[in-house]
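Undergrad: Mind having a look at this structure? Questions to follow.
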Amino acid sequence: MTATVSIASIEKSFGAARTLKGVSVDIAAGEFLTLVGPSGCGKSTLLRILAGLIPQDGGSIRIDGAPVDHLPPRARDVSMVFQSYALYPHMSVRENIATPLKVRRLSSAARWPLVGRMVPGQSAARAAIAESVNQVAAQVEIEALLDRRPAQLSGGQRQRVALARAMVRQPRVFLMDEPLSNLDARLRVHMRGELSELHRRLGATFIYVTHDQVEAMTMSSRVALMMDGEIIQVATPSDIYANPVDVRVARFIGSPEINLVDARADTNGQVSIAGKATGFRAETVGALTVGLRPEVLAIDDGSSEIVIDSRLQRIERLGHDVLLHMRHDAGGKKNMTLRVSAADLEKLQANGRLNENVAIGARAGSALLFGADGKRLPGLQGAAPTELMNFAMGRRAVGA
């Protein structure tokens with residue numbers, strides 16, 4: 001089963017603090033939407049409102065077109081996976097997974113320990129629950145763990161149990177509140193792949209909350225970036241990276257962080273950085289900010305349309321990739337980071353082009369422009385549309 005979810009103008013305040021400020025987003029059936037943003041931006045609060053755990057102060061939620069604001073959590077046909085796993089420590093894995101089905105399918109008397117099995121007319125329901133537990137355990141590959149207690153499991157195994165408990169109900173919508181944050185880095189990478197595969201197999205609607213942009217970018221159909229109780233932008237992972245609507249999105253999405261440099265556009269739109277004219281124009285006049293992703297920068301070979309004089313601070317080797325940390329005097333953010341391949345670094349060092357004082361270069365079409373208010377400015381004059389749309393997903397080669 002799967003369903004559409006429509007969130008319209010959701011408001012929520014805790015005392016004088018306004019946590020959600022008219023949040024709206026529509027989620028397609030079978031979509032994997034990730035709510036990403038810094039801590040305290042309201043994303044977990046929104047998820048709990050969707051689950052019915054807390055009420056909103058305004059706005060509405062519809063699942064498959066039907067309003068659910070008046071329904072308790074159990075009637076909304078959603079399952080939630082929590083950051084803390086929330087497993088019952090005194091129960092086996094089998095019992096933890098079966099609990100949601102027992103609550104729904106067995107009478108109150110039949111749920112009592114020991115004596116519950118003596119209640120007549122419940123054997124068929126118990127057999128169906130056991131079959132459902134076995135099936136979902138096989139899906140997440142924990143069949144061998146069904147008789148263990150949570151304390152006997154690793155973090156990754158507990159996460160699988162929490163997922164199985166959510167899956168066993170066959171809900172229309174899965175809600176996940178930072179489910180991987182308690183895992184180590186290696187296991188998080190593994191579980192990202194497992195969640196993506198699970199979504200593909202189930203075809204269900206996933207709404208996922210995280211502050212980790214890597215999780216958001218690698219698993220999602222679309223990403224909704226939240227800040228200060230508002231959704232700033234909703235887009236595919238590639239589009240939110242290449243085409244951020246304002247400087248906040250550009251700074252949050254991308255690692256290392258985007259480089260920002262102060263600039264000015266004269267009355268003809270000619271853009272200058274530190275008083276030096278660049279090779280492009282902007283559709284504005286006055287102060288603006290030029291954003292340059294680390295991978296679109298290179299050591300200037302004389303052909304760049306944007307040139308910034310800088311000094312090499314340090315080299316950070318990351319295996320195949322290398323980060324060059326620079327210092328510049330062009331105004332704005334004084335530090336600048338370039339991403340190059342290890343092979344390109346060797347060429348630069350061998351040819352003597354990576355000295356203490358170096359000029360950093362970039363193509364005009366690879367720059368993002370932001371106005372004084374932080375909003376994205378129109379495209380650069382003379383830049384090819386495909387260059388503007390796709391520059392951030394590639395890498396400029398470093399010349400020999």
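The values are calculated or read from the model by the stated rules, or taken from the named source; none is laboratory data. Remember, predicted model here, so these are calculated numbers, not experimental data. Don't worry about glycine lacking a Cβ; one is built from the backbone with ideal geometry, like all the others, and counts go over all protein chains shown.
Undergrad: If I filter segment 197-211 for residues that are assigned by TED's automatic domain parsing to the domain that holds Leu101 and farther than 24 Å from Val25 by Cα, do I get at least one hit? Show your work before the answer.
TA: We begin by selecting, within segment 197-211, every residue assigned by TED's automatic domain parsing to the domain that holds Leu101; these are 197-211.
Narrowing the set further to residues that are farther than 24 Å from Val25 by Cα leaves 197, 201.
Checked segment 197-211: at least one residue is assigned by TED's automatic domain parsing to the domain that holds Leu101 and farther than 24 Å from Val25 by Cα.
Undergrad: Run Val249 past the list (1) part of a helix (DSSP H, G or I); (2) assigned by TED's automatic domain parsing to the domain that holds Glu31; (3) of a type outside the set (Gly, Ala, Ser) and report the number of the one that doesn't hold.
TA: Here Val249 meets the rest and fails (2).
Undergrad: Now a separate question. Test Arg317 against the criterion of being under 15 Å from Pro256 (Cβ atoms) and either more than 28 Å from the chain's Cα centre (by Cα) or part of a strand (DSSP E or B) (or both), and give yes or no.
TA: On the way: under 15 Å from Pro256 (Cβ atoms): yes; either more than 28 Å from the chain's Cα centre (by Cα) or part of a strand (DSSP E or B) (or both): yes.
Against the criterion (under 15 Å from Pro256 (Cβ atoms) and either more than 28 Å from the chain's Cα centre (by Cα) or part of a strand (DSSP E or B) (or both)), Arg317 qualifies.
Undergrad: I'm told Ala185 meets every condition in (1) more than 19 Å from Val161 (Cα to Cα); (2) buried (at least 22 other Cβ atoms within 10 Å of the Cβ) except one. Can you identify the failing condition by its number?
TA: Here Ala185 meets the rest and fails (2).
Undergrad: Residues Gly352, Gly365: which one is without any contact (Cβ under 8 Å) to a residue 24 or more places away in the chain and either exposed (fewer than 13 other Cβ atoms within 10 Å of the Cβ) or within 28 Å of the chain's Cα centre (by Cα) (or both)? Lay out the reasoning, then the answer.
TA: Values: Gly365 fails: without any contact (Cβ under 8 Å) to a residue 24 or more places away in the chain.
That would be Gly352, the only listed residue that is without any contact (Cβ under 8 Å) to a residue 24 or more places away in the chain and either exposed (fewer than 13 other Cβ atoms within 10 Å of the Cβ) or within 28 Å of the chain's Cα centre (by Cα) (or both).
Undergrad: Just for segment 52-63: of the residues that are surrounded by fewer than 17 Cβ atoms within 10 Å (Cβ to Cβ) and in contact with a Lys or Arg (Cβ under 7 Å, 6 or more places away or on another chain), which one is nearest to Asp184 (Cα to Cα)?
TA: Here is the first cut: in segment 52-63, the ones surrounded by fewer than 17 Cβ atoms within 10 Å (Cβ to Cβ) are 53-55, 57-58, 60, 62.
Now drop any that are not in contact with a Lys or Arg (Cβ under 7 Å, 6 or more places away or on another chain), which leaves 54, 57.
Details: Ile54: 30, Asp57: 37 Å.
Only one residue tops the list, namely Ile54.
Undergrad: Quickly run through segment 175-200 and pick out the residues that are in contact with a Gly (Cβ under 9 Å, 6 or more places away or on another chain) and either hydroxyl-bearing (Ser, Thr, Tyr) or part of a loop (DSSP other than H, G, I, E, B) (or both).
TA: Scanning segment 175-200 gives Asn182, Leu183, Asp184.
Undergrad: Follow-up. What number goes with the only condition from (1) part of a strand (DSSP E or B); (2) more than 21 Å from Asn243 (Cα to Cα); (3) charged (D, E, K, R) that Arg339 does not pass?
TA: The failed condition is (2).
Undergrad: From the residues in segment 56-79 that are of a type in the set (Lys, Arg) and within 26 Å of the chain's Cα centre (by Cα), which one is nearest to Ile10 (Cα to Cα)?
TA: Selected residue: Arg62.
Undergrad: Taking the stated definitions as given, is Ala86 touching a residue at least 60 places away in the same chain (Cβ under 8 Å), touching an Asp or Glu at 6+ places or on another chain (Cβ under 9 Å) and assigned to a loop (DSSP other than H, G, I, E, B)?
TA: No: the conditions fail for Ala86.
Undergrad: While we're here: For Ser154, are the conditions met, namely being under 30 Å from Pro38 (Cβ atoms), modelled with pLDDT under 90 and either out of contact with any Ser or Thr (no Cβ under 7 Å at 6 or more places or on another chain) or not assigned by TED's automatic domain parsing to the domain that holds Val78 (or both)?
TA: Numbers: under 30 Å from Pro38 (Cβ atoms): yes; modelled with pLDDT under 90: yes; either out of contact with any Ser or Thr (no Cβ under 7 Å at 6 or more places or on another chain) or not assigned by TED's automatic domain parsing to the domain that holds Val78 (or both): yes.
It is true that Ser154 is under 30 Å from Pro38 (Cβ atoms), modelled with pLDDT under 90 and either out of contact with any Ser or Thr (no Cβ under 7 Å at 6 or more places or on another chain) or not assigned by TED's automatic domain parsing to the domain that holds Val78 (or both).
Undergrad: Here's something else I'd like to know. Can you go through Ala162, Ala204, Ala124 and tell me which one is aliphatic (A, V, I, L, M) and either over 18 Å from Leu101 (Cβ atoms) or more than 26 Å from the chain's Cα centre (by Cα) (or both)?
TA: It is Ala124.
Undergrad: Checking Ser181 against (1) modelled with pLDDT under 85; (2) farther than 30 Å from Val23 by Cα; (3) not acidic (Asp, Glu), which single condition isn't satisfied?
TA: For Ser181, the failing item is (2).
Undergrad: Further, regarding this structure: With the requirement that a residue be in a strand (DSSP E or B) and either within 17 Å of the chain's Cα centre (by Cα) or under 24 Å from Thr236 (Cβ atoms) (or both), what does segment 21-34 give you?
TA: Gly22, Val23, Ser24, Val25, Asp26, Ile27, Phe32, Leu33, Thr34
Undergrad: Follow-up. Take segment 68-108 and flag every residue that is of a type in the set (Gly, Ala, Ser) and touching a Leu at 6+ places or on another chain (Cβ under 9 Å).
TA: Ser79, Ser92 - these are the residues of segment 68-108 that are of a type in the set (Gly, Ala, Ser) and touching a Leu at 6+ places or on another chain (Cβ under 9 Å).
Undergrad: Additional query: Can you tell me which residues in segment 342-365 are part of a strand (DSSP E or B) and either outside the structural domain of Ala298 (by TED's automatic domain parsing) or more than 24 Å from Ala282 (Cα to Cα) (or both)?
TA: Of everything in segment 342-365, those that are part of a strand (DSSP E or B) and either outside the structural domain of Ala298 (by TED's automatic domain parsing) or more than 24 Å from Ala282 (Cα to Cα) (or both) turn out to be Asn357, Val358.
Undergrad: Scan (1) in contact with a Gly (Cβ under 7 Å, 6 or more places away or on another chain); (2) at pLDDT 90 or above for the single condition Gly203 breaks and write down its number.
TA: Only one criterion is unmet by Gly203, namely (2).
Undergrad: Would you confirm, using the coordinates I've provided, whether Ala8 is farther than 12 Å from Ile207 by Cβ and exposed (fewer than 14 other Cβ atoms within 10 Å of the Cβ)?
TA: The answer is no for Ala8.
Undergrad: Moving on. Taking segment 266-305 as the region of interest, how many residues are over 24 Å from Ala343 (Cα atoms), modelled with pLDDT of 90 or more and surrounded by 14 or more Cβ atoms within 10 Å (Cβ to Cβ)?
TA: Here the count works out to 4.
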